[in-house]
Amino acid sequence: MIAIINGEIETMAGRTIPGGTVLIDGGRIAAVGKDVPIPEGAQRVDAGGRLVLPGMIDAHSHIGMWEECVGFEGADGNELTDPITPHMRAIDGIYPMEQPFADACRCGVTAAATGPGSTNVIGGQFAAVKLAGRCIDDMVIRAPLAMKCALGENPKTYYNAKNMAPITRMGIAALLRETLNRAIDYLRRKEAAGDDPLRAPAYDEKLEAMLPVVRKELPLKIHAHRADDILTAIRIAREYGLRATLDHCTEGHLIVEEIRASGFDAIVGPSFGFKTKPELRNKTFETAAILAHSGVKVAIMTDHPVHNECDLPLFAGMAVKAGMTRQEALRAVTIHPAEILGIAGRVGSLEPGKDADVVIWDADPLSLDYRVYCTLVDGRVVYQA
């Protein structure tokens with residue numbers, strides 16, 4: 001049992017507790033409050049008045065899918081042989097022993113949604129994982145988490161170079177619809193067959209992977225930067241009545257009313273750095289602030305390895321500089337990603353019963369001089385300054 005004492009606790013569940021205690025038992029939070037009884041024999045961690053927050057969550061990353069300094073041998077994020085690969089599973093490609101996992105914990109980021117890249121129209125299944133551990137099976141929060149699909153430049157550019165479809169935005173949307181229609185037909189034939197194997201359709205691994213999507217059990221995680229691609233994502237999700245998130249949402253500030261009316265959440269970024277392709281020409285940190293102020297639920301991403309997982313606190317701080325309130329920015333890297341990803345029952349806030357992913361900060365995480373004093377994942381200290 002561990003007791004974090006004398007902390008300035010921001011639970012991200014509507015409570016700020018000066019001089020508070022977080023009691024941890026068996027890897028979960030047992031109690032949070034001002035006068036929490038501490039059992040005899042509990043290990044005490046004195047926060048010394050420092051800020052205590054839930055571990056940050058990156059809602060869109062590819063950590064573990066592209067290894068640092070390795071090249072082709074460590075590149076496992078895009079299966080480049082087919083534009084439709086829904087049967088690819090992130091957990092089969094993640095290498096949790098590479099350095100960015102430990103670096104993330106050192107910077108207060110304790111969980112991430114990670115998975116395939118955006119070369120394919122349908123890239124495969126994302127997973128939500130903890131960023132401390134050595135066996136990915138033990139680190140999973142939820143898998144599958146979402147089905148990755150991509151609109152816009154990435155599929156266009158890659159498959160044009162291979163002289164195969166799709167090479168237009170129309171082609172990308174048509175291929176996505178074709179796959180959804182095939183999955184719906186496959187589901188209907190399976191249901192009509194019942195327990196009769198003679199009537200059942202031939203087993204199809206790709207369509208089996210799409211069944212949770214068309215059953216509305218698994219959301220689409222739609223890569224869309226440009227305004228027209230975001231609107232195509234909304235259009236297709238509405239046509240089929242699907243769950244979805246709008247990932248990147250780079251030009252989301254240009255179509256605020258449409259995004260708000262759609263009811264879909266936005267996972268924004270990365271808004272930092274050089275504009276490497278045409279669809280990034282309008283990227284700005286103001287996007288997250290504008291969408292949040294309009295009532296859209298927003299999470300902030302790093303898109304690791306596009307930007308390092310460690311940059312998540314920095315990006316939240318930059319969003320504040322661009323107009324987000326401090327609380328909006330903190331929510332965008334804690335409870336909002338947890339809610340958007342459907343894992344808020346375990347992570348994202350400091351509440352009894354949730355996983356003990358806790359970060360003690362030596363300085364404000366939204367300031368440029370932020371420093372982590374101590375990081376715990378599942379109640380285990382994984383970093384100590």
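Taking the numbered list (1) within 25 Å of LYS216 (Cα to Cα); (2) surrounded by fewer than 24 Cβ atoms within 10 Å (Cβ to Cβ) in turn, GLY353 passes all entries but (1). Does segment 351-376 hold any residues that are under 20 Å from the mean Cα position of the chain (by Cα) and farther than 22 Å from CYS310 by Cβ, and which are they? The answer is LYS354, and nothing else. Residue under question is VAL359, and the condition is that it be outside the structural domain of HIS248 (by TED's automatic domain parsing) and outside any helix (DSSP H, G or I); does it hold? So VAL359 fits the description; yes. Annotation: of all residues in segment 150-192 being small (Gly, Ala, Ser) and in a helix (DSSP H, G or I), the one that is farthest from the chain's Cα centre (by Cα) is ALA192. The single condition among (1) in a loop (DSSP other than H, G, I, E, B); (2) out of contact with any Leu (no Cβ under 7 Å at 6 or more places or on another chain) that THR119 does not meet is (2).
Determine whether THR81 is among the hydroxyl-bearing types (Ser, Thr, Tyr) and not assigned by TED's automatic domain parsing to the domain that holds LEU312. No: the conditions fail for THR81.
Within segment 367-385, restricting attention to residues that are touching a helix residue (DSSP H, G or I) at 6+ places or on another chain (Cβ under 8 Å) and outside any strand (DSSP E or B), the residue that is nearest to GLN99 (Cα to Cα) is TYR370. Residue under question is ILE9, and the condition is that it be hydrophobic (A, V, I, L, M, F, W, C), within 24 Å of VAL372 (Cβ to Cβ) and in the same structural domain as TYR158 (by TED's automatic domain parsing); does it hold? No: the conditions fail for ILE9. Restricting attention to segment 66-81, and to residues there that are of a type outside the set (A, V, I, L, M, F, W, C), surrounded by 14 or more Cβ atoms within 10 Å (Cβ to Cβ) and part of a loop (DSSP other than H, G, I, E, B), which single residue is nearest to the chain's Cα centre (by Cα)? My answer is GLY77.
Among residues that are surrounded by fewer than 22 Cβ atoms within 10 Å (Cβ to Cβ), more than 18 Å from ASN120 (Cα to Cα) and not charged (D, E, K, R), LEU51 is included. Within segment 121-147, take every residue that is basic (Lys, Arg) and surrounded by fewer than 21 Cβ atoms within 10 Å (Cβ to Cβ) and give me the one that is nearest to MET88 (Cα to Cα). Going through the qualifying residues, I end up with ARG142.
Taking the listed residues SER294, SER367, the one that is among the polar types (S, T, N, Q) and either outside the structural domain of ALA224 (by TED's automatic domain parsing) or buried (at least 22 other Cβ atoms within 10 Å of the Cβ) (or both) is SER367, with no other qualifying. Do we have LEU23 as of a type in the set (A, V, I, L, M), loosely packed, with under 15 Cβ neighbours inside 10 Å and at pLDDT 95 or above here? Against the criterion (of a type in the set (A, V, I, L, M), loosely packed, with under 15 Cβ neighbours inside 10 Å and at pLDDT 95 or above), LEU23 does not qualify. With the structure loaded, tell me whether VAL296 is assigned to a loop (DSSP other than H, G, I, E, B) and not charged (D, E, K, R) or whether it fails that test. For VAL296, the condition - assigned to a loop (DSSP other than H, G, I, E, B) and not charged (D, E, K, R) - is met. For segment 208-263, enumerate the residues that are surrounded by fewer than 21 Cβ atoms within 10 Å (Cβ to Cβ) and among the basic types (Lys, Arg). Hits for segment 208-263 are ARG215, LYS216, ARG235, ARG238, ARG243, ARG260.
Among helices (runs of 4 or more DSSP H) entirely within segment 202-293, having at least 2 residues that are farther than 25 Å from ASN181 by Cα singles out 256-262, 286-293.
Inspect all residues belonging to segment 316-327 and state whether any of them is within 23 Å of ARG371 (Cβ to Cβ), assigned to a helix (DSSP H, G or I) and of a type in the set (Lys, Arg). Checked segment 316-327: at least one residue is within 23 Å of ARG371 (Cβ to Cβ), assigned to a helix (DSSP H, G or I) and of a type in the set (Lys, Arg). Looking only at residues in segment 1-20 that are in a strand (DSSP E or B), of a type in the set (Val, Ile, Thr) and under 26 Å from the mean Cα position of the chain (by Cα), which one is surrounded by the most Cβ atoms within 10 Å (Cβ to Cβ)? Among residues in segment 1-20 that are in a strand (DSSP E or B), of a type in the set (Val, Ile, Thr) and under 26 Å from the mean Cα position of the chain (by Cα), the one surrounded by the most Cβ atoms within 10 Å (Cβ to Cβ) is ILE9.
The values are calculated or read from the model by the stated rules, or taken from the named source; none is laboratory data. These figures come from a predicted structure and were not determined experimentally. Backbone-built Cβ (ideal geometry, glycine too); neighbour counts: all protein chains shown.
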